[in-house]
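The block underneath contains the structure these notes are about, expressed in structure tokens.
What follows draws every value from the coordinates through simple rules; no lab data is involved. Small disclaimer: the values here were computed from a predicted structure and weren't measured. All Cβ positions, even for glycine, are placed from backbone atoms using ideal geometry, and neighbour counts span all protein chains on display.
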Amino acid sequence: MADKTFFIDTTKCTACRGCQVACKQWNKLPATKTYNWGSYQNPADLSFSTFKLVRFREVVSSGKLHWYFFQDQCRHCVEPPCKDTIEGYVDGAVIQDEATGAVIYTGQTSKLSPAQFDEVRQSCPYNIPRQDPASRIVSKCTMCVDRVSNGLLPACVKVCPTGSMNFGDRAAMLSMAHQRASELKRMGFDKAQLLDADATRAVYLVVDDPMVYHKFSVAQNDVGINRKLALRKLLRPAKGLIAGVAKL
Amino acid sequence: MTNHWIDIGNSDCILIMGSNAAECHPISFKWVLKAKEENGAKLLSVDPRFTRTSAQADFYTALRSGTDIAFLGGMINYIIENKLYNEEYLAYYTNAGFILGRKFGFKDGLFSGYNGKTHTYDKSQWAFEKDKEGNPKKDHRLRNSRCVFQQLKKHFSRYTLDKVSAITGTPEKDLIEVYKTYAATGKKGQAGTIMYAMGWTQHTVGVQNIRTMAIIQLLLGNMGVAGGGVNALRGESNVQGSTDHCLLWHIWPGYLKTPRSSNVSLEAYNKKFTPKTNDPLSANWWGNYPKYSVSFLKSMFGENGTPFNDFGFDWMPKADDGKPYSWLNLFDAMFRGEFTGFFAWGQNPACSGANAGKNRQAFAKLDWMVNVNLFDNETGSFWKGPDMDPKKIKTEVFFLPAAASVEKEGSITNSGRWSQWRYKAAEPLGDAKPDGDMMVELFVKIRELYQKEGGAFPEPIMNLKWDYDTDGKFDSHKVAKEINGYFLADVTVKGKNFKAGTLVPSFAFLQADGTTSSGNWLYCQSYTEKGNMAARRSTVDKSGIGLYSEWSWCWPVNRRIIYNRASVDRYGNPWDPKHPVIRWTGKKWVGDVPDGGWAPMLLADGKTNPKTKYPFIMKPEGHAHVFGPGRADGPFPEHYEPLECPIEKNLMSKQFINPTVKEFGTAADARATCDPRYPIVASTYRVTEHWQTGVMTRWQPWLLESQPQSFCEMSLELAKLKGIKNGDKVIVESARGKIEAVAIVTRRFKPFKIAGSTIHQVGMPWCYGWVTPKGGGDSSNLLTPSVGDPNTLIPETKAFMVNVKKA
């Protein structure tokens, strides 16, 4: 099985939220208690039991109203900083699946203290990991690795009616992504761009400034590897260090 | 739909108006986006509110709810003024060239023949002038001043940009953008389609909204072609099927008419409803009416129906002349205590019906109610609902738990008229039963009682043919075969011999002499000696335009795009050679099943082919109706204000509202137009996350998590005016009721400039109800009016007046 990647074309998203619900269904995640907070976006944020969330943003850009939808989820980074952070504290709490590249948290994450978890969350350039306050287990999108390793598409991709959610071999997805981006540019979407395509396995296509979709749509410089983490990394065995430097 | 879902992908321009397809028909966007990506199709979204559909549109603009005829009337004017129509199509396939009689006229918002006392028209004044054979006189050059085209031009010349803009609130430049983009499909080889739903139908001018678009489609030559058509997006997976099989009161299956008390015999009934033509070139397909009505009666009464008792015609219910029995009428009668028992079968009128508060009060007048549903709902539990005192309510309610769609076998007919067979995936839970099983048990019991006790008029029950069960259970195959129909005797039809007891191969073989049965002539061919056509699952598309003719089965006779003989010019060459629906080879048609196999209208030398038939075979004159003299409220559409509206006069004429509307007038039918207490226009709608009234989805935690509570969307400007902040609780109130909701303050609503003043609009979903979830709010249908379109009596829930204040 080759290296896998999601291609998420936000221009084809109608925010039907099939992906959000299918994720909960396949992963047997409970619904959280929500209230209408003046938005269609609900739950309001990712949580221990919400791995996938469609974010809604109303944006006026070039004098025109847009309603942008962003199907937020773990990017399954090629070099996942969260993995480095977690492994600084707990061994065996993160697996990066060799076949797919999926970044998977295990039950061992429960050994992280809340403060250590905060550090994990801060190390994620996309603000993805969430901890269960009771069990302290940390969760996020699994790339439906149980489905994928059995030849099925991730639940969110399977359910998507419009072709916004795509999944497959990394090379094929990147080529699809680049092709669609240049097509959109040709159609006059000057800001059409892929987000962190080289560094992630969930490549988003947007047609406006990425920040208007979501604060963490692209890797944030003020998160990722902070000073404390960098220092701690220096004290770790060489393997982890090299990976850390490569990322820096 | 005249076309079908996949066909949307063939379009060059898609107008989504009167629907919110991305949210309410999410799968349709697979095809909408395909058209955009592969054909470079333009997507236009016209809606009072910027929706998830608008988010995908190339161009979006807003109009005030209830002003669609003005908006589209301006488009007709634009098309004619700029000569963007397909003249050959218009002149030869539509009645645009027909000459109108001298009695026809239009003045001050009224057509000729209006009777102010009865609020009805004498439609005979809208007749065509006839030649000596009795056929309409025609001018194919469309120049005669009394021809339909010239009258259309005159009528819609009044819909000028400034006037339309003043009525709709849509800026003139936006009107031009929509008109120009859509009218470009009038070019030969281009196709434009309309996707509409309840946003057009649920108005007192609902039928005329759709008529206006039908006229546009005929002007542009968009009917019958791939990527064109008039496409109603049905609100449930099987609404098309239930309509085909006469869910509504005014029809028998297959759109045969419900007899009236004045239809004293089968002969009189058939005579009344069988149209005639003297034109040898008109196929006049409804001329076959008696074959279908008699075959239907044979399905109803089997051997008990004979030529000597009119095949049981007298056993069928008759409607009183002039009296409607629609949804609104039934609930009004219930409210007045005119009947005592009610089956609420697979529905939730306490939330789904317009003026739902009236319905809730009406339930209290009943002796009994049987609520057949998957879950408890606001209808079955009305007696313990808001403002109800259970001690004072006598109604006895029975709840029968029903099996879900995946727990039973049968067919579902989608919007594209495809009858698709489905299989049972799981056993029903607990005591739940399939609806069919309940009906079998119920009928057997009713017949037993009639047998034992007699009673008034037992003949319809005792003579009914009822052999649809196998071992006491409903058998969907037996029903499907009866719907198709059988030969009841050994007969020879069209030179072919058929054995008694075999299935009829298609409706062309049905007979009026009692030798055939068919529960629904339109579905004759769906289940034949070759097997269950609806169960076919071939993914081969020989057409190249996505017809997938051997996937399931489609009425009529598996024709995937109806009126397809209008997709070609008079020689039989497709208007669009890239997307041919059918094509004449010189000897026969190839492609889709043609609308009749007759040769094209012209021979190679340009002379009329005497063997041809006009393409619109369901019309007596064979021509599509630009001029529609059958409608209750006029042969051309005309803008009238909704029954509740924010302005004091109709800018188009002296006639304020639809002159043929009738109101119910009970205390529960209060109406407040141009009333300072209710200054804000309101509309209701659905959301992706909930299904209809939410009976099935409000119990589903994941869906509830994503849309937990009723909301009211409003503009920043209105919120500021009312001191409302995003997320505040608000009270929305109409003359009929009030609800609490969460304010969504959004740029997606903007105030309108209507006739110089600022008019605000809000919108609310109708999918919530007090039973569950607690604190989720109640249905916005508590606010909507129970007044209906004069043709269909569909209620005007999409344009009414409210006030909004902070809770």
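Some notes on this structure:
- Under 5 Å, built H, 5+ apart or other chain: amide partners of B:ARG260: B:ALA319
- Around the amide H of B:LYS42, modelled in the peptide plane, lie the amide H atoms of B:CYS13, B:ILE14, all under 5 Å away and 5 or more residues distant in sequence or on another chain.
- Whole-Å distance, taken between Cα centres, linking the range B:159-186 and the range B:731-807: 27
- Put in line by how crowded their Cβ is, counting other Cβ atoms within 10 Å and starting with the fewest, B:VAL590, B:VAL225, B:VAL440 read B:VAL590, B:VAL440, B:VAL225.
- Percent antiparallel among DSSP beta bridges (both partners in the protein assembly as shown, rounded to 5): 60
- Report note on the peptides A:105-115, B:756-766, B:598-608, B:20-30: ranked by the mean count of other C-beta atoms within 10 Å, highest first, their order is B:20-30, B:756-766, A:105-115, B:598-608.
- Descending principal axes extents, the range B:312-444, alpha-carbon based, whole Å: 44, 41, 34
- Computed magnitude of the charge dipole of the range B:629-682 (debye, nearest 20; Cβ of K, R +1, Cβ of D, E -1): 80
- The angle between the Cα long axis of helix A:170-186 and the main principal axis of chain A comes to about 40°, on a 0 to 90 degree scale.
- Along the range B:440-452 the Karplus relation, 6.51 cos²θ - 1.76 cosθ + 1.60 evaluated at θ = phi - 60°, assigns HN-Hα couplings of 4, 4, 4, 5, 4, 5, 4, 5, 4, 5, 4, 5, 6 Hz to successive residues, with x for each Gly and Pro.
- In sequence order, the range B:758-773 has phi-based couplings of 8, 10, 9, 9, 10, x, 9, x, 10, 8, 9, x, 5, 4, 7, x Hz under the Karplus curve 6.51 cos²θ - 1.76 cosθ + 1.60, θ = phi - 60°, and Gly or Pro positions carry x.
- Here A:GLU79 and A:ALA115 are evaluated by their C-beta separation; at R0 = 25 Å the FRET efficiency comes out at 0.55.
- Gyration tensor (alpha-carbon) shape descriptor, the range B:418-546, a/c threshold 1.5: oblate
- Per-residue ellipticity at 222 nm computed for chain B from its helices equals -6000 deg cm²/dmol, with DSSP H segments shorter than 4 residues left out and the rest contributing -39,500 (n - 2.57).
- Given charges at beta-carbon only (K, R positive; D, E negative), |dipole| of the range B:704-785 in Debye: 300
- Of interest is the spacing of the C-alpha centroids, which for the range A:165-225 and the range B:639-685 amounts to 50 Å.
- Chain B, relative contact order [Cα under 8 Å, separation at least 6], %: 16
- A simple spin-label model places pseudo-atoms 7 Å from Cα toward Cβ; at B:LYS394 and B:THR772 they are separated by 3.3 nm.
- Mean per-residue shielding of peptide A:8-19 is 5, counting Cβ atoms of other chains within 10 Å of each Cβ.
- Centre separation in Å (Cα based) which lies between the range A:31-65 and the range B:425-496: 50
- DSSP bridge pairs, chain B: antiparallel proportion in percent, nearest 5: 55
- Protection proxy ranking, highest mean first, for peptides B:168-174, B:375-381, B:770-776, B:216-222: B:216-222, B:375-381, B:168-174, B:770-776, where packing is the per-residue count of other beta-carbon atoms within 10 Å, averaged.
- Backbone amide hydrogens, once placed in the peptide plane, bring B:LEU643 within less than 5 Å of B:THR204, excluding anything fewer than 5 places away on its chain.
- Efficiency of FRET between B:VAL493 and B:ILE251 - r from beta-carbon atoms, R0 30 angstrom, step 0.05: 0.70
- 3J(HN,Hα) along the range A:139-148, derived from phi through the Karplus expression 6.51 cos²θ - 1.76 cosθ + 1.60 where θ = phi - 60°, amounts to 9, 4, 3, 9, 6, 6, 4, 5, 6, 4 Hz, with x in place of Gly and Pro.
- Prolate/oblate/rounded label for the range B:549-636 (Cα gyration tensor, a/c 1.5): oblate
- Computed extension gain for B:LYS132 through B:LYS729, at 0.36 nm per residue and net of the alpha carbon distance, reaches 207.9 nm.
- The length gained by stretching the chain between B:TRP466 and B:LYS424 to full extension, at 0.36 nm per residue less their Cα-Cα distance, is 12.8 nm.
- Shape of the range B:706-807, Cα gyration tensor, a/c cut at 1.5: oblate
- Once the Cβ-Cβ distance of B:GLU648 and B:LYS123 is raised to the sixth power relative to R0 = 25 Å, the FRET efficiency obtained is 0.20.
- Label-point gap, in nm, between B:LYS588 and B:ASP58 - each point 7 angstrom along Cα→Cβ: 3.9
- Exposure proxy for B:TYR159, B:TYR92: other Cβ atoms within 10 Å of each Cβ, ordered fewest to most, give B:TYR92, B:TYR159.
- The label-point distance for A:TRP37 and B:ARG158, in a model that sets each label 7 Å from Cα toward Cβ, rounds to 5.3 nm.
- Exercise: per-residue mean of other protein chain Cβ atoms within 10 Å, A:56-67: 3
- Taking B:LYS587, B:LYS478 and counting other C-beta atoms within 10 Å, the order from fewest to most: B:LYS587, B:LYS478
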